[in-house]
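Below is one structure, written out as structure tokens, with a few remarks after it.
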Amino acid sequence: MERKLLPIGRQSFRDLREENCIYVDKTAYIYNFCTQGKMYFLSRPRRFGKSLLLSTLEALYSGYNDLFEGTWIEDKWDWTKKYPIIHISFNLVDYEENGLNTAIKRTLLKFYNEYDLIPSEDASIKILLADLLEQLYKKQGQVVLLIDEYDKPIIDYMENNDLEQAKANQKVLELFYGAIKDSERFIRLFFITGVSKFTKVSLFSTLNNLIDLTLHPSYSTLLGYTQEEFESNFESYIDDALNIFYEYSRESLLNEIKNWYNGYSWDGKKTVYNPFSILLFLSNTDFQSYWFATGTPSFLIKKMEEHHFFHFENIEADLNFLDQYSLDNIEITSLLFQTGYLTIKEKSKFGEVVLSFPNKEVQLATYTFLIDDMGNTTGGGGVTVRHLHKAFMHNDLNKVMSILISLFSSLAYDVYTHQKVKQIEGFYHGLIHILFKCLGIYMQSEVHTLKGRADGIVETPTHIYILEFKINNNASTALQQIIHQKYALPYLADRRIKIGVGINFDTLTRELNGWETGVLLTNLEV
């Protein structure tokens, strides 16, 4: 039997099925929401299968039963009923060239032409959409309205730091989506997807019967692959990976793959793989940051730096923060969650959640990207960390200091133009934190951030390095703090050599201008 292909880059359900690609069957979920309601919104990060979901809905309501052969829904759907479909993807709407209002109007006119309908002259996009739905209903019956990447005309200009144009596009979209509520009787199914939930777009303020599936517990695994789906659908490709990573057992390799690419959760219980990343891993059989490499918006990184947002683990939040997201109030935690950099690790029955990185891919890539941006380097963050790792493994503290001196001397000039010294110190401490958190991914080391703990702890087979950093002070003070605060106490029974390392940075000279070490040998010293 011919092996099915990996569905890499497939956003068309028809193409996926006709080209013998693996389809992870989600039709049971689709059947449930199609038979229980008709007005839905779903938010998921980019590259998570939203477009394929809408393409599947289009094929379903078009009555293409041959495409659903062997799926759960095959013998449960009424294939005799076919519906007219309006499927708009803002990824294909040419608003950058012609302006959003004109681009939407042209898109709607294509549907008038396709269904042989007559548009009103000089009508607004709101009237054009309302008339299109009504005329199509009178001609062929209830309409299936599918809108993909609804927020792309806003997000694109946020990423380009053009807030004025983003707000202008938001107003156009408010007008456009305003036609839907009064047209509900003409609609069989309305399904709209996006990355973010902009609360001031009229979609959410006027459509009070719009069911948001984003955090719905019954649909937390609607997109992405569960561990069971991954292992059952991609078994032969997992075997290929085992042949490459022959030093792993099957169980240990599956655990490593899971640590890298699983971990996304919208209910705090069930987790899924990012389909884009796991498919590329199976194709390349190489652990890389595939999803992150497709494009991390610079405005997101700048927001992290502006807010000194460098601690990404175990963030406590209330789910209401998702309903406070607008262009005038871009809440950083909500932004990171909606865009996929944070996910729900725990969720209480009272709506409180704990957010963290979903997996190693996102964690490692975010840290190295921040190191690059803050350290004013290009593609060097990962190299810096790997060099640090190598230097520590060789117990070469001179090399460690040389790498740190090089990194901090390359810091962007605008770091030093802040008016407040505290802002500069916050920047330094942020860079130190992410540098050693990133190093910990390679070395199973740990950075403690609670008061009374060392800034960095690095473990090698023979040594334990306990590091303390000072700003505009002196290295001796930092070393004495390690000794007096007994930072080495948890390692007293460990036979490895404990080394205290005090380091000072001078913000005026922009240099690491001092470091001092001491071997922590006696009980008195620990």
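Couple of notes before you dig in:
- Using the Cβ-Cβ distance between ILE118 and ASN98 with R0 set to 25 Å, the FRET efficiency works out to roughly 0.65.
- With 0.36 nm allotted per residue and the present C-alpha distance subtracted, the GLU231-ASP286 stretch has 18.0 nm of extension available.
- Label-point separation, ASP494 to ILE211 (7 Å along Cα→Cβ), nm: 5.2
- Of the GluC sites (Glu not before Pro) found in the stretch 463-526, those in coil by DSSP whose Cβ has at most 15 other Cβ atoms within 10 Å are GLU525.
- Efficiency of FRET between ASP267 and GLU164 - r from beta-carbon atoms, R0 41 angstrom, step 0.05: 0.65
- Couplings for the stretch 67-72, taken from phi via the Karplus curve 6.51 cos²θ - 1.76 cosθ + 1.60 with θ = phi - 60°, read 6, 9, 4, x, 8, 4 Hz in order; Gly and Pro are left as x.
- Under a 5 Å amide H cut-off, with hydrogens placed 1.01 Å from N, ASP212 pairs with PHE41 among residues at least 5 apart or on other chains.
- Amide H to amide H distances under 5 Å link CYS21 with LEU5, where only residues 5 or more positions off or on other chains count and H is placed in the peptide plane.
- A simple spin-label model places pseudo-atoms 7 Å from Cα toward Cβ; at ASN20 and GLU346 they are separated by 4.9 nm.
- Flagged links, alpha-carbon separation over 22 Å, of LYS152/LYS437; LYS105/LYS171; LYS38/LYS345; LYS167/LYS302: LYS152/LYS437; LYS38/LYS345
- Net charge dipole size for the chain [Lys, Arg +1 and Asp, Glu -1 on Cβ; Debye, nearest 20]: 740
- Membrane-span-like helices of the chain, defined as complete DSSP H segments with a Cα extent of 20 Å or more along the helix axis and a mean Kyte hydropathy of at least -0.5, are identified as 100-114, 125-140, 163-177, 360-374, 421-443.
- Sequence-distant contacts, meaning Cα pairs under 8 Å at least 6 residues apart, place the relative contact order of the chain at 11 percent.
- Each peptide in 184-196, 384-396 was scored by the mean count of other Cβ atoms within 10 Å over its residues; highest first, the order is 184-196, 384-396.
- For the chain, average projected area of the Cα convex hull in nm²: 28.1
- The stretch 1-16 versus the stretch 58-136: alpha-carbon centroid distance in Å: 24
- A Förster radius of 56 Å combined with the Cβ-Cβ distance from ASP78 to MET393 puts the calculated FRET efficiency at roughly 0.30.
- Inter-part distance where the stretch 327-380 and the stretch 257-319 are each reduced to a Cα centre, Å: 7
A short reminder: the numbers here are calculations on the coordinates, not readings from a lab. This one's a predicted model, so the numbers in the text were calculated from it and none came from an experiment. All Cβ positions, glycine included, derive from the backbone under ideal geometry; neighbour counts span all protein chains shown.
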